[in-house]
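The values are calculated or read from the model by the stated rules, or taken from the named source; none is laboratory data. What you are looking at is a predicted structure, and each value in this text was computed from that prediction instead of being measured. Note: ideal-geometry Cβ built from the backbone for every residue, glycine included; neighbour counts use all protein chains shown. What goes into the accessible areas is simple: the full protein's heavy atoms, side chains included, and nothing from ligands, DNA or RNA. Shrake-Rupley method; radii C 1.70, N 1.55, O 1.52, S 1.80 Å.
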Amino acid sequence: MRSIVFILVFCSLLFVSAAKDEVKEKPAKWGVSGQGFIKNRTLKNQLTAVLSEEKTSFGAADIEDAALILLSDLQSNGFLMGKVEAKIELVSGDTKEVEWDVSFSVSLPRDIQATKVKFRVIPGPISYYEELVIENDSSLEDDEISEFFFSEGLLFQGSKSRVFTSSSMKSGAGNLESFLSQMGFQDARVEVRFVEGEDVGAKVVSVSVVAGPRHLLGEVQVEANEGAFVPEVVVSEFYGLAYSRFLVQDIVREFRNGYYKAGYPDVVIRNAVEYLSDSKRDEVELKLRLIIEPGSDFTVSAISYDGLKHTRESLVRSKVTLKVGDPLNPILLEESRLGIARIGVFGKVDYTLTESGEGSKVLDFSIEEKTPWNLDFLTGWGSYERLRGGVVAEKINVLGLGHRFRVKGLVSMKSTFGEARYSLPQFLNTSSVVSTKVYSLEREEQSFDRRELGVDVGLSRYSTIFDVNTDFIYSFESLESLNSTLGNEESIDEDSLVGSLGLRIGRDRRDNPINPRAGYRFFGKVEWASDWFGGNTNYELGEFGYSHHGDFGHGLNWHFGITGGTIGSYIEDDAQIPTGKLFYMGGENSIRGYRRGEAALIGADDRFQGASSYLISNIEIEQMLSESFSVVLFLDSLGQESDLGGESLKSELHSLGLGLRFKTVSYTHLT
């Protein structure tokens, strides 16, 4: 029955889409070849997004702009001698063929109109760094200088990892100069030039680095009109630091913020620098002069809000930190604008200031509200559930209070899931989120059919002190296990009511949530179920996880993760723990080589049984072969046990393998 519903839903979506297409007039189309399937699709989508705009025909300017985009893409990827051919299908039915090279000397007739343009990209030989010859008198190592031009951290340094373009060479030299300047070497100079190598496209680049003396800050002098207001700033903490424009910006910011807090929004701070010591020495001390024009001070005389159609003004007003009569502080003004924007129901938030009298201004916020409903369709494939799809509908700004109502439905070949959630962001004008959720789940597991119905009430909060996300949750659930073949019985049906309190904490410091190379993540979960909370079961559950990522250098990365959990009861017999709350290992984010539930414990009668505790470790060594490909050596280990129902089971599983990782816009891992 679930499969029939799933097919009917997808056929309905396809029918609606086809009906819409019949009504619309056919748009003109781009075609791209010569760059491989994925790259061709990416370039075609780029042309469609930038130039098409649902046009029924393309003019000369459109076609030339498209050719220029393709040539620019070739240039940026090192194909300096690339060409683009175009086969143009005209409205009249005739075809015209054109070729452009880097000179872009061909112009199309201005009256041309085309219904389809097929581009063929001819990259030609790639230009790459064959050798980098470095003359260096700075404190940087040659390897550090090379990193400004290309990466040397890959096992196979192919030409595509050392792509050369004139712009990248110049930007590399500029970035190197900027980096030396931040270190205090204000007179640093980097000169680059290249000659052709022996092979076609090969470039031998000479890099000359002259650092010069290091500049340090020795004194700060403030110059303002006599009797004018000057904020108190401890400038001595900046003495002895490397002088750079960033250091100057930090010092100026300290003074500017002091003026802002006092209500001087128009303060102007100029700076100049003087030498305090001989510039021929290895280190030079500088004096920074700040010339300050405070301007006039203002207070806020009135605050108004324009554009509120469905939102209550009291909600917006609660996010504004400036009050009538306060000094006009631009910092608090921007914080107020961001506070309004963080409500999450506005597409645009701006403000204007109008003088209302001597020393005062009127603050007027201009607000545009977002569309109240969002609708998204989901589809995907999983190794166990196979084809799956669904829909998510969300209403924002419920009751004009910024509340959110979200409905989600998912159907797969193995499960049906529905959820409705109502949330109150920024509860009591804090970073906390209060939410309630009702959900229903039916899933065919390996050894039983799961049927769950539940309601959650939770409080989520981010702690700036400990840098962790914290969730407090009360749950009431009806858990059924049907057609079970677990243990020694042929068929066992189970119906449990669970009332529980839960606490979850977590921190994520990874550089990338999908393909991390550095950083760490941890989480912890505690759940306490008791008949005191409305259920008929008693148990305590705990889970934790930690992962860390780093590198050994030269494109060799390491990844480590450990996850564990336990469930039991210190009040009643363990046998009352619901079947659906036990651990059935295998599947995504578990031990590799097993589908969902297939790594579960197996009893003496060769039937699956849930574990009461488990521990999984994942170790990976990843060697980057190129920017997109890497080889992964992994070792997954699982230990689990169950001592419920009078039978004690233990098992250890280990999975050792070699995998190939391919990184695209999405993420693929082949093992």
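Accessible area per residue for segment 164-308 is 53 Å², calculated with a 1.4 Å probe on protein heavy atoms, without ligands, DNA or RNA. For segment 466-484 versus segment 101-147, the spacing of their alpha-carbon centroids is 54 Å. In terms of its C-alpha gyration tensor, segment 108-243 comes out oblate, because a/c is 1.5 or above while a/b does not outweigh b/c.
Our estimate of slack between Y520 and A393, defined as 0.36 nm per intervening residue step minus the Cα-Cα distance, is 42.4 nm. Residue pairs exceeding 24 angstrom between C-alpha atoms, taken from K414/K525; K39/K83; K26/K118; K83/K118: K414/K525.
How many lysine pairs are close in segment 321-411, with Cα atoms under 19 Å apart and the two 8 or more places apart or on different chains?
Details: K323/K361; K348/K370; K348/K395; K370/K395; K395/K408.
Taking the Cα cut-off of 19 Å, the pair count is 5.
Using only Cα atoms and rounding to the nearest 10 degrees, what angle (0 to 90) does helix 245-261 make with the longest principal axis of the chain? With both axes taken from Cα atoms, the answer is about 80 degrees. Using a/c under 1.5 as the rounded threshold, could you call segment 387-520 rounded, prolate or oblate? The axes a ≥ b ≥ c are square roots of the C-alpha gyration tensor eigenvalues, and prolate needs a/b larger than b/c, oblate otherwise. Cα axes put segment 387-520 in the prolate bin.
What FRET efficiency comes out for F560 versus S651 if R0 is 22 angstrom and r is the Cβ-Cβ distance? Round to the nearest 0.05.
Once rounded, the FRET efficiency stands at 0.45.
For the pair Q576 and M81, the difference between a 0.36 nm per residue extended length and the Cα-Cα distance amounts to 170.9 nm.
Round to the nearest 0.05 the FRET efficiency obtained for K348 and H310 when R0 = 25 Å and r is the Cβ-Cβ distance. Write out the running numbers ahead of the final one.
Values: r = 15 Å, r/R0 = 0.61.
It comes out at approximately 0.95.
Distance between the modelled labels on D137 and V200, one decimal in nanometres: 4.2 nm (7 Å Cα→Cβ projection).
Measure nothing but the geometry: give the 0 to 90° angle between the long axis through the Cα atoms of 37-47 and the longest principal axis through the Cα atoms of the chain, rounded to 10°. Orientation of helix 37-47: about 60 degrees from the principal axis. Checking [x] -0.81; [y] -0.61; [z] -0.52 against log10 I(q)/I(0) by the Debye sum over Cα atoms at q = 0.07 Å⁻¹ calculated from these atoms, the matching label is [x].
Here the calculated FRET efficiency for W532 and Y239, from their Cβ-Cβ distance with R0 = 41 Å, stands at 0.05, rounded to the nearest 0.05. Sorted on the mean count of surrounding Cβ atoms within 10 Å across their residues, most packed first, peptides 513-524, 116-127, 247-258 read 116-127, 247-258, 513-524.
Which angle between 0 and 90 degrees, to the nearest 10, do you get for helix 2-23 versus the longest principal axis of the chain when only C-alpha atoms count? With both axes taken from Cα atoms, the answer is about 40 degrees.
Each of K39 and R193 was given a label point 7 Å from its Cα along the Cα-to-Cβ line. The distance between the two points is 3.3 nm.
Give the shape of segment 201-297 as rounded, prolate or oblate, defined through the alpha-carbon gyration tensor: a ≥ b ≥ c are the square roots of its eigenvalues, a/c under 1.5 means rounded, and otherwise the shape is prolate if a/b is larger than b/c and oblate if not.
Since a/c reaches 1.5 and a/b is larger than b/c, the shape of segment 201-297 is classed as prolate.
Computed extension length for D551-V91: 159.9 nm, one decimal, from 0.36 nm per residue of separation with the Cα-Cα distance subtracted.
Comparing Cα centroids, segment 449-464 and segment 215-272 end up 50 angstrom apart.
Extending 7 Å from the Cα toward the beta-carbon at both V273 and F472 defines two label points whose distance is 5.3 nm.
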